[in-house]
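Trainee: I have a structure I would like to understand better, so I am pasting it below and will then ask my questions one at a time.
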Amino acid sequence: MSIASNLNTIKASLPEHVTLVAVSKTKPVSDLMQAYEAGQRIFGENKIQEMTEKWEQMPKDIQWHMIGHVQSNKVKFMAPFVSLIHGVDSLKLLQEINKQALKNNRIIDCLLQIYIAEEESKFGLDEKELNELLTSSEFKELKNIRILGLMGMATFTEDQNQIKKEFTHLKSIFDSIQKQQIVELKTISMGMSGDYQLAIECGSTMVRIGSSIFGGR
């Protein structure tokens, strides 16, 4: 199957309210251009340097999403162009994004990463830390970032019940923040190639799909 036909098959299976992020990390620009020519405009990368190189070479109507773990000292490289940063997991990182956004005269959209998995290797805030961050005076001072929603990664397992439990947990945190009207959230980014359909059933509005579009790495 070609990249274009893979992409079209996936798009046809997504409900209208779900945004597709084509995860293009490690893939050459020629592969991304095939997806672009098939109509895809949102690409997800997990390394800032690689994303910046691709941004320089590719059409400027692309939205670039940073989906990997972000180091504060690298934010400045993507601040001029990044469309959405998925994995924001600390106030310190938000403050750095705010600082670099201000330098570029931009407001940068962010998702807060919530720790929902049972693996020690995943990053993210727990529910208590999330509430503390959103209600802190330091957070209220940040005028050059906008929190669009939450992001989470399920445990890497075949156990569908386990994954469903974690996705449902993220949705309940999202709903609770909405109810308290702390910030207005629109986006829940959860679900990848192996579990995106389950994620959508559990309330996801943004899925990150790579290998099902571009093939294995």
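The values are calculated or read from the model by the stated rules, or taken from the named source; none is laboratory data. Just so we're clear, the structure is a prediction, and the values are computed from it rather than from any experiment. Note: ideal-geometry Cβ built from the backbone for every residue, glycine included; neighbour counts use all protein chains shown. Heavy atoms of the whole protein, side chains included, go into the accessibility calculation; ligands, DNA and RNA do not. Shrake-Rupley method; radii C 1.70, N 1.55, O 1.52, S 1.80 Å.
Trainee: Do we have any residue at all in segment 173-181 that's surrounded by 14 or more Cβ atoms within 10 Å (Cβ to Cβ), touching an Asp or Glu at 6+ places or on another chain (Cβ under 9 Å) and assigned to a strand (DSSP E or B)?
Mentor: No: segment 173-181 contains no residue that is surrounded by 14 or more Cβ atoms within 10 Å (Cβ to Cβ), touching an Asp or Glu at 6+ places or on another chain (Cβ under 9 Å) and assigned to a strand (DSSP E or B).
Trainee: Would you point out the residue of segment 21-44, among those that are small (Gly, Ala, Ser) and part of a strand (DSSP E or B), that is farthest from ALA4 (Cα to Cα)? Spell out the reasoning first.
Mentor: Restricting attention to segment 21-44, the residues satisfying the condition of being small (Gly, Ala, Ser) are 22, 24, 30, 35, 38-39, 44.
Okay, now just the ones that are also part of a strand (DSSP E or B), so 22, 44.
Details: ALA22: 12, GLY44: 17 Å.
Among them, the one singled out is GLY44.
Trainee: Looking only at residues that are at pLDDT below 95 and of a type outside the set (A, V, I, L, M, F, W, C) in segment 103-120, which one is most open to solvent (accessible area, probe 1.4 Å)?
Mentor: For segment 103-120, the residue satisfying everything is GLU120.
Trainee: Show the residue pairs that are 6+ apart or on different chains and have beta-carbon atoms under 7 Å apart, the first residue being within segment 20-37 and more than 16 Å from ILE10 (Cα to Cα), the second being at pLDDT 95 or above and open to solvent by 70 Å² or more (accessible area, probe 1.4 Å).
Mentor: Every condition considered, the pairs that remain are LYS25/LYS47; VAL29/GLN57.
Trainee: Here is a follow-up. Can you confirm whether segment 130-145 contains a residue that is surrounded by 13 or more Cβ atoms within 10 Å (Cβ to Cβ), touching a residue at least 24 places away in the same chain (Cβ under 8 Å) and among the charged types (D, E, K, R)?
Mentor: No; the residues of segment 130-145 include none that is surrounded by 13 or more Cβ atoms within 10 Å (Cβ to Cβ), touching a residue at least 24 places away in the same chain (Cβ under 8 Å) and among the charged types (D, E, K, R).
Trainee: Quick check: anything in segment 85-102 surrounded by 15 or more Cβ atoms within 10 Å (Cβ to Cβ), over 14 Å from the mean Cα position of the chain (by Cα) and either in a strand (DSSP E or B) or acidic (Asp, Glu) (or both)? So that I can check it myself, show each step before the final result.
Mentor: Step one: list which residues in segment 85-102 are surrounded by 15 or more Cβ atoms within 10 Å (Cβ to Cβ), which gives 85-91, 93-102.
Then keep just the ones that are over 14 Å from the mean Cα position of the chain (by Cα); that gives 90-91, 93-102.
Within this subset, residues satisfying the condition of being either in a strand (DSSP E or B) or acidic (Asp, Glu) (or both) are 96.
Looking for residues that are surrounded by 15 or more Cβ atoms within 10 Å (Cβ to Cβ), over 14 Å from the mean Cα position of the chain (by Cα) and either in a strand (DSSP E or B) or acidic (Asp, Glu) (or both), one finds at least one in segment 85-102, hence yes.
Trainee: Name the residues in segment 186-201 that are open to solvent by less than 10 Å² (accessible area, probe 1.4 Å) and either part of a helix (DSSP H, G or I) or touching a helix residue (DSSP H, G or I) at 6+ places or on another chain (Cβ under 8 Å) (or both), would you?
Mentor: Those that are open to solvent by less than 10 Å² (accessible area, probe 1.4 Å) and either part of a helix (DSSP H, G or I) or touching a helix residue (DSSP H, G or I) at 6+ places or on another chain (Cβ under 8 Å) (or both): ILE188, MET190, GLY191, ALA199.
Trainee: Does PHE123 count as under 20 Å from ILE209 (Cβ atoms) and open to solvent by 40 Å² or more (accessible area, probe 1.4 Å)?
Mentor: No.
Trainee: In segment 103-128, how many residues are free of Cβ contacts under 8 Å to residues at least 24 places away in the same chain, within 19 Å of the chain's Cα centre (by Cα) and closer than 20 Å to GLN71 by Cβ? It would help to see each step written out before you state the result.
Mentor: Going residue by residue through segment 103-128, those that are free of Cβ contacts under 8 Å to residues at least 24 places away in the same chain are 105, 120-121, 126, 128.
In the following step, the residues that additionally are within 19 Å of the chain's Cα centre (by Cα) were identified as 121, 126.
With closer than 20 Å to GLN71 by Cβ added as a condition, the list becomes 121.
Qualifying residue count, segment 103-128: 1.
Trainee: Here's another thing I want to ask about it. For segment 126-143, check the following and say yes or no: at least one residue is modelled with pLDDT of 95 or more, closer than 30 Å to LYS27 by Cα and not in a loop (DSSP other than H, G, I, E, B).
Mentor: No, every residue in segment 126-143 fails to be modelled with pLDDT of 95 or more, closer than 30 Å to LYS27 by Cα and not in a loop (DSSP other than H, G, I, E, B).
Trainee: Is it the case that some residue within segment 45-59 is part of a strand (DSSP E or B), aromatic (Phe, Trp, Tyr) and within 25 Å of ASN8 (Cβ to Cβ)? Outline the logic, then answer.
Mentor: Narrowing segment 45-59 to residues part of a strand (DSSP E or B): 45.
The next check asks that each one be aromatic (Phe, Trp, Tyr); those that pass are none.
Checked against the condition, which is being part of a strand (DSSP E or B), aromatic (Phe, Trp, Tyr) and within 25 Å of ASN8 (Cβ to Cβ), segment 45-59 yields no hits at all.
Trainee: Further question on the same structure: Pull up segment 21-74, narrow it to residues that are in contact with a Ser or Thr (Cβ under 8 Å, 6 or more places away or on another chain) and acidic (Asp, Glu), then point me to the one that is surrounded by the most Cβ atoms within 10 Å (Cβ to Cβ).
Mentor: Among those that are in contact with a Ser or Thr (Cβ under 8 Å, 6 or more places away or on another chain) and acidic (Asp, Glu), it is GLU45.
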